[in-house]
Amino acid sequence: MGFEIGTVTIPWYGFFIVLGLGAAALLGYVLVKQAGLIYDEFIEIACFVGLGAMAGSKLLYLVMAWETIDVSRLTDLEYISALMGGGFVFYGGLAGGLLGLYLCGRLLHIPVMEYARQSLPVIPLAHGFGRIGCAFAGCCYGIPYDGPGAVVYTRSAAAPLGIPLFPVQAVEAAGEFVLAAVLGIYIASCRKGGRQPNSIRLYLALYAVLRFFLEFVRYDDSERGMLWGISTSQWISIGICVVLAGAEVWGRKSRKKQDS
């Protein structure tokens, strides 16, 4: 699905991904300059993180969807191209992006954590545009639903056709944009107060909660991986919240010991 410019068809999903990357680059420029950091180093970090995110999101998708993969067709270049062209899981991309961030710091000797803390809103901003692309393409679709805002696909390679569905992609996109705004306000307030923003922990906690609840209104179970009625992304969300809560408790105990 896409739109045509002359004889060229531009896929909606790819269009919104490019739009999201452009918006993230502009926002990153503003945030980096406000923090007194170097934009060229931000771009280098973004390249490492982007490559890691692409690899990680595809790898986790293949792991989750392994039962649907036709092993007998793995020598078919057309099938391989289709398999590699579609299907990405955000949490895999997050893990791959963090690995890319680490490698960038090690190889280029850039203080990557400072850049991450100051420019983190670019991630939910770009992700929000990606979810709009999902809405147009029909992937990551919602449960059958005939209430306000329901969407009906007449053309889609992923979503069921002719059935009113919950607009989960649009809801997540809105949530991502709100998350980007919240993070931006939080980082600005920390900078104004002379404090170091703990934006990474805040982002992980807020996104994990958002994703956990939105998974209940998604309908593409075969691609998400399910265990005991809970999707892979929900298990990861739970794990993130448990780790963050443990880190907070540990940090408070450490501060009490230092104060005593």
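Heavy-atom accessible surface of the chain, averaged per residue, reaches 56 Å², computed with a 1.4 Å probe. The label-point distance for W250 and L108, in a model that sets each label 7 Å from Cα toward Cβ, rounds to 2.9 nm. Counting heavy atoms of the protein chains alone, E44 has an accessible area of about 80 Å² for a 1.4 Å probe. Of the DSSP H helices in the chain, those that are both long (alpha-carbon extent of 30 Å or more along the helix axis) and hydrophobic (Kyte-Doolittle mean at least 1.0) are 12-34, 39-64, 168-192. Under 1.5 on a/c is rounded, so check that first for the stretch 160-260, then, if it is not, pick prolate when a/b is larger than b/c and oblate when it is not; a ≥ b ≥ c are the square roots of the alpha carbon gyration tensor eigenvalues. Oblate is the answer for the stretch 160-260, as a/c is 1.5 or above yet b/c matches or exceeds a/b.
Based on the alpha-carbon gyration tensor of the stretch 134-180 and its eigenvalue square roots a ≥ b ≥ c, which shape applies: rounded if a/c is under 1.5, prolate if not and a/b is larger than b/c, or oblate? Verdict is oblate for the stretch 134-180.
Straightening the chain between L51 and I230 buys 61.5 nm, computed as 0.36 nm per residue apart minus the Cα-Cα spacing.
Extending 7 Å from the Cα toward the beta-carbon at both N198 and V152 defines two label points whose distance is 5.0 nm.
For the stretch 145-256, with all protein chains in place and a probe radius of 1.4 Å, 69% of the accessible heavy-atom surface sits on carbon or sulfur. Relative to the current alpha-carbon distance between R191 and I10, full extension at 0.36 nm per residue lengthens the span by 61.1 nm.
Placing dummy labels 7 Å off each Cα toward the beta-carbon, the span from A23 to C241 is 2.7 nm. Comparing R155, R117, R195 in a Gaussian network model of the chain, where Cα atoms under 10 Å apart are tied by springs, the biggest mean-square fluctuation is seen for R195. Please work out which option in (1) 33, 22, 20; (2) 35, 23, 17; (3) 28, 21, 18 gives semi-axes √(5λ) of the Cα gyration tensor in Å calculated from these coordinates, and answer with its label. Comparing each candidate, only (1) matches the computed number.
The values are calculated or read from the model by the stated rules, or taken from the named source; none is laboratory data. None of the values given here were measured: they were computed from a predicted structure. Because the Cβ atoms are built from the backbone with ideal geometry, glycine has one as well, and the counts that use them run over all protein chains shown. With ligands, DNA and RNA removed, areas are computed over all heavy atoms of the protein, side chains included. Shrake-Rupley method; radii C 1.70, N 1.55, O 1.52, S 1.80 Å.
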